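Okay, structure first, notes after.
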Amino acid sequence: MNALRLARQPAVRRFATATLTHDAAPAASAPSSRAPINLSNVEAQWEKFDSSERAALHEQLEAITKKDWKELSIDEKKAAYYVSFGPHGPRAPVSKPGDNLKAFLGFAALIGVSATVFFGIRSIGGEPPKTITKEWQEASNEIAIKQKANPISGITSEGYKGEGFVQAKK
């Protein structure tokens with residue numbers, strides 16, 4: 001009966017730990033077809049594992065971490081922390097090292113191109129329009145006063161102290 005039960009169980013990959021004094025997981029008595037993985041190097045090997053190996057490692061570490069944390073080795077604690085909180089899966093970094101420099105250089109290039117286009121267009125633009133000169137704007141004020149433009153809150157209202165249409169400083 002025991003042989004039949006063992007034959008029906010799927011092959012479970014066992015993981016080696018630094019301390020072998022643990023009560024092994026229930027599947028530890030099943031024969032393994034692969035060599036055990038050392039828990040001291042889980043961070044480097046994580047990407048090489050397929051999903052079934054990752055699940056088996058997670059279950060193994062879950063069984064190990066049910067014990068008192070004072071009894072666990074440093075490698076077991078590191079492996080448990082990496083599997084739970086490591087930079088993989090949804091916690092993987094979005095940007096790679098050097099991406100900030102690329103973004104800054106791209107931004108600087110964009111600003112440089114924009115400045116070049118702005119001053120290039122401005123250099124071929126010609127004279128500014130005559131309507132933005134101070135004399136023209138003062139003449140516009142006089143015309144507005146003669147026509148009594150905006151008598152409620154504008155230039156012809158009682159007590160108006162603004163400059164009217166004058167905006168040019170020159």
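The values are calculated or read from the model by the stated rules, or taken from the named source; none is laboratory data. Since we're looking at a predicted model, the values are computed, not measured. So basically every Cβ, Gly included, is an ideal-geometry build from the backbone, and we count neighbours across all protein chains shown.
Structural remarks
Table: residues versus (1) surrounded by 11 or more Cβ atoms within 10 Å (Cβ to Cβ); (2) in the same structural domain as ASN41 (by TED's automatic domain parsing); (3) without any contact (Cβ under 8 Å) to a residue 24 or more places away in the chain; (4) closer than 30 Å to ASN41 by Cβ.
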{"residue": "LYS96", "(1), (2), (3), (4)": "no, no, yes, yes"}
{"residue": "ASP99", "(1), (2), (3), (4)": "yes, no, yes, yes"}
{"residue": "VAL117", "(1), (2), (3), (4)": "no, no, yes, no"}
{"residue": "LYS134", "(1), (2), (3), (4)": "yes, no, no, no"}
{"residue": "SER153", "(1), (2), (3), (4)": "no, no, yes, no"}
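- Among the residues of region 120-152, those that are of a type in the set (Asp, Glu) and more than 52 Å from the chain's Cα centre (by Cα) comprise GLU135, GLU138, GLU142.
- Hits in region 64-76 (condition: buried (at least 16 other Cβ atoms within 10 Å of the Cβ) and over 14 Å from ASN41 (Cβ atoms)): ILE64, THR65, LEU72
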